[in-house]
1. Need one number: % antiparallel among DSSP beta bridges in the chain, to the nearest 5.
2. As a check on your grasp of the helix formula, calculate [θ] at 222 nm for the chain: sum -39500 (n - 2.57) over DSSP H runs of n ≥ 4, divide by the residue count, round to the nearest 500.
3. For the stretch 222-355, what D do you get in µm² per second when you plug the Kirkwood radius from alpha-carbon pairs into Stokes-Einstein at 20 °C and 1.002 mPa s?
4. For a protection proxy built on the mean count of beta-carbon atoms within 10 angstrom, sort 154-160, 79-85, 293-299, 3-9 highest first, please.
5. Students often check this: by mean Cβ neighbours within 10 Å, which of 29-36, 114-121 ranks highest, and how do the rest follow?
6. How compact is the stretch 140-249 by the rule of thumb for globular proteins, expressed as Cα Rg over 2.2 N^0.38 Å?
7. Roughly what percent of Cα-Cα pairs across the stretch 6-157 reach past 29 Å?
8. How much length would be gained if the chain were fully extended between residue 47 and residue 326, taking 0.36 nm per residue of separation minus their Cα-Cα distance, in nm to one decimal?
Ligand SMILES: C[S@@+](CC[C@H](N)C(=O)[O-])C[C@H]1O[C@@H](n2cnc3c(N)ncnc32)[C@H](O)[C@@H]1O
């Protein structure tokens with residue numbers, strides 16, 4: 001009988017634990033909402049047992065690949081276990097305290113409750129909303145402090161496993177520049193939020209220069225706290241609109257963009273892809289990761305359609321059928337590939353050396 005690899009077993013156990021914790025949280029919070037805020041219950045399509053099994057299989061495949069890529073040396077195995085556990089444990093009660101205002105917002109269909117101190121002039125109009133009904137939208141330290149944990153719960157502990165799917169195509173794409181010193185190369189994470197993707201990239205490619213932009217100062221402050229610790233090379237974090245990147249042409253060798261596109265109107269999606277094209281050096285690569293779409297994952301159609309019924313996601317319905325591949329081609333990218341991993345689709349696209 002083969003002896004199970006103890007690290008693999010530990011990884012599987014951790015993921016199972018996170019999955020159970022996520023499901024338990026959702027079950028308990030739904031019951032509480034039913035009791036306290038029955039008017040806030042969204043009308044959703046029922047999910048069949050067969051579909052639940054499909055979802056479970058899809059998570060198993062994702063985690064199998066996550067392990068395999070660590071085993072293949074794409075990133076260190078320690079990354080599979082890494083998270084600010086103590087900090088999350090301290091923040092978890094705040095999620096419960098915040099839930100009633102989230103339900104109230106959903107019940108009253110209030111989706112534009114932005115903090116008073118925000119200068120609305122400096123943000124695009126589409127951004128000034130309570131995405132996911134979250135308190136303050138993306139515009140406060142309170143929201144930034146809860147975000148990572150909320151996403152982990154939403155995806156039953158698979159959020160980072162899905163983010164890590166950008167790492168293999170990113171490393172592969174950077175091969176073009178292998179004759180250069182790695183520390184001279186720059187990767188830009190567009191809409192970096194709290195910096196979870198930059199964190200994964202730093203583990204996989206330790207000496208590469210990290211840049212991150214986001215519209216939210218609060219989220220960047222959180223990213224700064226996680227990323228710019230003692231002895232770490234500084235990650236450069238800049239508040240900016242992804243539609244107007246504050247960099248010259250051909251400035252970075254790679255760009256990544258995770259879970260942004262579904263939160264943008266279609267024109268802004270196209271603008272972001274065009275901006276990425278502009279700042280990437282010829283020979284470089286763009287890796288996008290976002291929700292799967294109906295065409296690539298028809299079996300999950302009802303799950304996808306339920307999402308914007310539960311959470312305030314004003315552009316998600318349009319995103320579900322939008323043609324990301326076409327935006328990439330129109331921008332000029334070539335060698336475009338796309339693959340789905342549980343709830344995430346990853347596109348890899350090259351900016352040709354000669355166009
Ligand atoms: C769903 S979060 C994803 C964050 C992060 N990439 C992750 O993997 O968790 C969306 C992020 O996009 C940012 N964002 C939305 N519109 C933006 C824009 N036009 N320019 C820059 N950032 C934007 C938000 O502030 C938020 O941090």
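1. Values: 13 of 32 bridges.
Within the chain, antiparallel bridges account for around 40 percent of the total.
2. The per-residue figure over the chain is -14500 deg cm²/dmol.
3. So the translational diffusion coefficient is about 133 µm²/s.
4. The most tightly packed comes first, giving 154-160, 79-85, 293-299, 3-9.
5. Per-residue Cβ counts within 10 Å, averaged per peptide and sorted highest first, yield 29-36, 114-121.
6. Values: Rg = 14.3 Å, N = 110, 2.2 N^0.38 = 13.1 Å.
Relative to the rule-of-thumb radius for its length, the stretch 140-249 sits at 1.09.
7. 33 percent
8. Here the answer is 97.3 nm.
Rule-based calculations on the coordinates, nothing more; no lab input. In this text the structure is predicted, and so the values were computed from the model without any measurement. With ideal geometry, Cβ positions are generated from the backbone for all residues, glycine too; neighbour counts draw on all protein chains shown.
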